[in-house]
Each structure stands twice: as structure tokens, then as C-alpha cells.
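The values are calculated or read from the model by the stated rules, or taken from the named source; none is laboratory data. This one's a predicted model, so the numbers in the text were calculated from it and none came from an experiment. A quick note on method: Cβ atoms are made from the backbone with ideal geometry, for glycine too, and the neighbour counts reach across all protein chains shown. Ligands, DNA and RNA are excluded from the accessible area calculation, which covers all protein heavy atoms including side chains. Shrake-Rupley method; radii C 1.70, N 1.55, O 1.52, S 1.80 Å.
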Amino acid sequence: MPIQDKQNDYLNLLNDLKIDCTNCSGLCCVALYCSKVDGFPENKEAGIPCQHLQSNFQCDMHQDLSRKNMKGCMTYECFGAGQKVTQMYGLDHTWQTHPQQRQHIFETFLVVFQLHQMLWYLIQASTLDACAKFKQEIARLIEEATTLTTKKPYTLLSYDIDHYRNQVNKILKCIIEQISKSSNNQNKMYLGKSFKGKNLDHQDFSMSLLIAANLENCSLRGTNFLSADLRDANFKNTDLRESLFLTQMQINSAKGNHNTLLPSYLTQPCTWL
Ligand code: SF4
Ligand code: SF4
């Protein structure tokens, strides 16, 4: 397939990695552990439905999440794993209708979540000119994960996801070394630090703690945010269109305003407006 066609396919695939809660059986609100400290309404174990999840899989406090400061609920994104797994089993075959299979459904959700998350990063990596020499390997890994997510749940659950993750991590590490100013950036703690107005082009913030850091008006071209913790980081009046490896969940947890510019594949959280 010509490279351009492949790239278009990947961009379409990014759309499939966006959440569609209307076609989901509320999996995140059941399958995952939640805690009040993380901005959920209650502490609950994984596998127990949140008390606010209704039988039609809608949240009974959806309109109040912002007013009640339920940051965990407002921030969470499943990379499209929720609707994917719900459709995989069928809407007439959910954790509600088939309680004896709920564990199986939740485990499938967690595997698809991980595959979709890695796909998200691989697709972004595939767009980087500096990574031309890795393109073939990236394409192979994307193909493997997308094919896998079309299989039956029992095939998915027997897959060696740790082995796949190791391959993805290895290639992402090589890419980060290639694109970052400093590949030996050991300092990952920037809690509350002010970078206001600084030029941070091509900085490597992967895996960094940037909680409540001030990045207002910074230049962030080619800046790598892979798996950085951006809770309450301030991106007001900042252009993030050329920043790398951002996810919707990171953006949902950060602060911005109507002057914050995002890559086309991300959406402005309603709390910014
Ligand atoms: S699992 Fe995903 S699609 Fe389903 S309700 Fe949660 S965020 Fe929405
Ligand atoms: S409050 Fe609503 S969105 Fe949050 S976990 Fe419960 S059901 Fe889900």
C-alpha cells in the first residue's frame, strides 16, 4: 500500500480510538477501581458498578460532574476500548445480562484498552519524519494490534500482551532518543514548576510529573509528553499543535482556555470554555 494511503488509514484509525460512550455498556464505571481521592464520587472495587450508573448505562449525575468537581469521571478516556468490547460481545450480551461472564468481559476491556493505548502512540510515531527508519516496524506493530482487536475475546485473552508491550516500548524509546533534545533527561519531577513563556521545543517530558506546572505561553514544538502526568498543568494561551504523544485523557486533566491550540485529533474539554 502506498505510504500516503497507509497514513490516511492510520488517521482513520485514530478516530476509532476516540470514546463513544453512547455505544458502550458503561464499562469503565464498572470494571475499574475508583477512589474519591482521584475525583470519583465513591471508593469502589474493580468489578462493582458505580452507584450512579443506571440500567441504561447512563450516568445519573452526568450533568453535575463538573459542578461537583468529579475530575476522575470527567478526565477518564478508554481509547475507544469501551464501545469496541461492548460491540464485540453484542449489546444483548453485557456484564448486566450475563453476570457469569462479567469477569471475562472486564478482562477483555483491559486488554483492548492497552492495545488501543499503544496503537495511539504508534500512530503518532508513524507521522514523525525523523522516524523514517522505524516506519516498517511501526507498521508491523500497528497491523498486529489492529488485527488482534478484530478477533474473538478468547483469542485476545490468550495473547501475550507483555511481549507486545515490550516491543512497543523498545521502539518508542528509540524514537524518543531520536526526537528529543536531551535523551538523558533524568529529572522527571516538575510539580508546580513555572516554565511560563519558555521555549521548550523538543524537550523530553516523557513520564514526567508536571502536575500543576505552569506552561502558559510556552513554545512546545516537538515537545514529548508521552505518559506525562499533566493534571492541572496550565496550558492557557499555548499552542500544542506540534507537541507529541498527547492523549485526550492528559488534555482533559490539564487546564487550558479558548486560546489553547490542540492537534486536530484532540478535542477541547468543555471545562476550558
Ligand atoms: S469505557 Fe470508554 S466508551 Fe465506555 S463509558 Fe467509559 S469512557 Fe465511555
Ligand atoms: S459518577 Fe458517573 S461517570 Fe463517574 S464513575 Fe459513576 S457512573 Fe461513571
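The share of C-alpha pairs in segment 182-273 whose separation exceeds 19 Å stands at 26 percent. As a rough guide to protection, the peptides 230-236, 154-160 ranked by mean Cβ packing within 10 Å, highest first, stand as 230-236, 154-160. Packing, taken as the mean count of other beta carbons within 10 Å per residue, orders the peptides 129-135, 248-254 from highest to lowest as 248-254, 129-135. Charge dipole (Cα centre; +1 on Lys/Arg Cβ, -1 on Asp/Glu Cβ; no other charges) of the chain amounts to roughly 560 debye.
Only four residue types carry charge here, +1 at the Cβ of Lys and Arg and -1 at the Cβ of Asp and Glu. Report the dipole size of segment 111-172 about the Cα centre in Debye, rounded to the nearest 20.
40 debye
Helical runs assigned H by DSSP (4 residues or longer) give the chain a calculated mean residue ellipticity at 222 nm of -11500 deg cm²/dmol, each run adding -39500 (n - 2.57) before division by the residue total.
Say the dipole of the chain comes from +1 at the beta carbon of Lys and Arg and -1 at that of Asp and Glu; which of GLN63, LEU32, THR223 then lies farthest toward its positive end? Comparing the listed Cα positions along the dipole, THR223 ranks first.
Counting only Cβ charges, +1 for Lys and Arg and -1 for Asp and Glu, the dipole size of segment 141-223 around its Cα centre is about 240 debye. With all pairs of different C-alpha atoms in the average, the Kirkwood value for the hydrodynamic radius of the chain is 19.8 Å.
Surface listing: MET88, MET207 arranged by accessible area from highest to lowest gives MET207, MET88, probe 1.4 Å.
At the residue level, LYS255 shows approximately 100 square angstrom of accessible surface with a 1.4 angstrom probe and all protein chains present. Here the spin labels are modelled as points 7 Å beyond Cα on the Cα-Cβ line, and at ASP239 and LYS36 they lie 4.5 nm apart. Taking 7 Å steps out from each Cα toward its Cβ at TYR265 and THR155 produces label points 2.4 nm apart. Out of every Cα-Cα pair that segment 37-159 contains, those further apart than 21 angstrom amount to 51 percent.
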